[in-house]
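One structure below.
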Amino acid sequence: MNFSEVFKLSSQLCKFSPDGKYLASCVQYRLVVRDVNSLQILHVYTCLDQIQHVEWSADSLFILCAMYKRGLVQVWSLEQPGWHCRVDEGCAGLVASCWSPDGRHVLNTTEFHLRITVWSLCTKSVSYIKYPKACQRGISFSRDGRYLALAERRDCRDFVSIFVCSDWQLLRHFDTDTQDLAGIEWAPNGCVLAVWDTCLEYKVLLYSLDGRLLSTYCAYEWSLGVKAVAWSPSSQFLAVGSYDGKVRILNHVTWKMITEFGHPATINDPKVVVYQEAEKSRRRALDRPGHPAPRAAESRYEVASVPVPLQTVKPAADRANPRIGVGALAFSPDSSFLATRSDNVPSAVWIWDIQKLRLFVVLEQLSPVRAFQWDPQRPRLAICTGGSKVYLWSRAGCVSVQVPGEGDFQVLSLCWHVSGDSLALLSKDHFCLCFLETEEGPRLASGQLGDHT
């Protein structure tokens with residue numbers, strides 16, 4: 001495993017291009033585009049203010065930079081570095097900006113979610129979509145890029161509108177049986193739209209492309225409900241993370257629950273492998289003459305014997321958004337595993353075997369888990385905790401890897417290259433690339449469980 005040198009970064013804005021050829025990073029008001037293989041700078045674009053959002057077009061030919069404070073978006077071309085586009089929303093303001101799937105339209109959401117403006121780069125035409133709902137996941141494009149689903153709020157009721165992305169014509173418009181819609185997401189095959197209600201009302205609704213209600217799911221009542229939702233890449237399963245600390249798996253045939261996964265504070269099943277991060281003794285290193293003291297405590301994984309008590313956090317009952325329930329979940333690219341994190345057991349990542357519908361592995365870190373993400377090509381999971389290490393798990397085992405370099409590089413976030421051969425590690429003000437040496441997963445020496453620091 002090799003690491004690149006460390007580069008400057010602002011606001012953790014670092015993105016691989018969809019075709020995997022380029023890496024874009026932002027340093028205040030400058031956008032830097034590098035070649036992924038050599039990391040040589042290809043282009044430097046200067047924006048009018050500090051960049052707050054960056055996004056590649058689907059064909060990797062254009063890149064969008066949004067400056068929300070100024071209500072401004074600038075678009076740059078990689079093929080024609082002299083060409084650029086500037087979109088100014090003026091007094092309407094700007095709170096969100098994204099590409100359409102064809103990479104030739106920019107969708108800007110104005111302040112107070114008054115409307116979405118669709119700007120065409122080719123014809124310079126402008127279209128308007130009214131009544132977008134102010135929710136975290138209120139816009140969703142189908143995977144094939146043909147349809148846009150938009151959550152709307154009008155006359156104190158929730159609606160969903162489905163638009164055709166080729167001409168932005170309205171295809172379907174229907175109301176949803178929700179009190180305060182919280183999010184929508186297309187299944188990867190584009191046939192079903194999942195809609196879920198506010199956390200105060202446990203309700204998940206499944207709609208067809210023509211607006212028919214296929215099914216409604218409610219696990220319980222009179223308690224905090226849905227916290228996170230994720231489709232499997234195969235579209236066969238919908239995972240619903242709840243405030244009661246369980247993940248419920250719905251199947252695509254009957255839309256009924258086939259199983260539920262709990263997150264207990266103690267692991268008692270002897271079939272479950274529990275990896276616990278443990279600090280190595282510093283004494284051996286300090287006792288060696290001429291050996292410098294380590295910058296940070298080195299660690300490795302150890303296999304724990306059941307029963308294994310996990311570190312839990314008691315939520316504050318008098319505060320909003322309590323730290324309870326399953327707040328993060330993601331399927332592996334082959335839909336064989338599901339990774340979850342329970343917010344009241346923040347230092348553990350749970351990996352579930354979807355084929356056998358059982359808990360497979362638990363990884364308990366020394367610090368709370370900040371982010372995890374699957375390798376896009378194989379079932380390999382990368383984890384970071386805000387420390388100077390990155391953690392990798394695959395079927396072969398797991399490793400704890402120290403990020404080299406001067407100073408303490410705190411990994412706050414990470415993202416995979418589309419090939420799965422490299423990983424961008426992001427800190428507050430810097431980033432570096434981690435290049436993986438093997439294709440099958442972390443290489444473990446015989447008898448070791450992650451002594452890769």
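Coordinate-derived values only; no laboratory data. Predicted, not measured: the structure shown is a model, and the values here were computed from it. Cβ atoms come from the backbone with ideal geometry, glycine included; neighbour counts cover every protein chain shown.
Tabulated data
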{"item": "Extension gain, E5 back to T254 (0.36 nm per residue minus Cα-Cα distance, nm)", "result": "84.5 nm"}
{"item": "Mean-position separation - Cα centroids, segment 14-59 and segment 61-106, in angstrom", "result": "13 Å"}
{"item": "Amide H within-cut-off set for V192, under 5 Å, with H built and near neighbours excluded", "result": "A187"}
{"item": "The chain: calculated mean residue ellipticity at 222 nm from DSSP helix runs of at least 4, using -39500 (n - 2.57)", "result": "0 deg cm²/dmol"}
{"item": "For segment 96-101, 3J(HN,Hα) per residue [Karplus equation, 6.51 cos²θ - 1.76 cosθ + 1.60, θ = phi - 60°, Hz, x = Gly/Pro]", "result": "7, 8, 7, 8, 7, x"}
{"item": "Calculated from backbone phi, Karplus (6.51, -1.76, 1.60) coupling profile of segment 131-147 in Hz, x at Gly/Pro", "result": "6, x, 7, 7, 9, 5, 10, x, 9, 8, 9, 5, 4, 7, x, 8, 10"}
{"item": "Centroid-to-centroid separation of segment 107-185 and segment 369-392 [C-alpha atoms, Å]", "result": "32 Å"}
{"item": "Fraction in percent of alpha-carbon pairs per bin - 10 Å, the chain", "result": "4, 18, 27, 28, 17, 5, 1, 0"}
{"item": "Amide proton proximity set for C165, modelled H, under 5 Å, gap of 5+", "result": "Y147, L148"}
{"item": "Amide H within-cut-off set for H43, under 5 Å, with H built and near neighbours excluded", "result": "V33"}
{"item": "Filter on K256/K356; K133/K246; K227/K256; K133/K227 - keep pairs with C-alpha separation over 22 Å", "result": "K133/K246"}
{"item": "Segment 131-232 - charge dipole about Cα centre, Lys and Arg +1 at Cβ, Asp and Glu -1, debye rounded to 20", "result": "200 debye"}
{"item": "Viscosity 0.692 mPa s, temperature 37 °C, Stokes-Einstein D of segment 145-284 from Kirkwood C-alpha radius, µm²/s", "result": "192 µm²/s"}
{"item": "Computed E for D318/D144 - FRET, C-beta separation, R0 56 angstrom, nearest 0.05", "result": "0.75"}
{"item": "Loop trypsin sites (Lys or Arg not before Pro), segment 348-399 (other Cβ atoms within 10 Å of the site Cβ: 11 or fewer; DSSP)", "result": "K356"}
{"item": "Whole-number D in µm²/s for segment 129-177 (Stokes-Einstein; Kirkwood sum over Cα pairs; 25 °C, 0.890 mPa s)", "result": "222 µm²/s"}
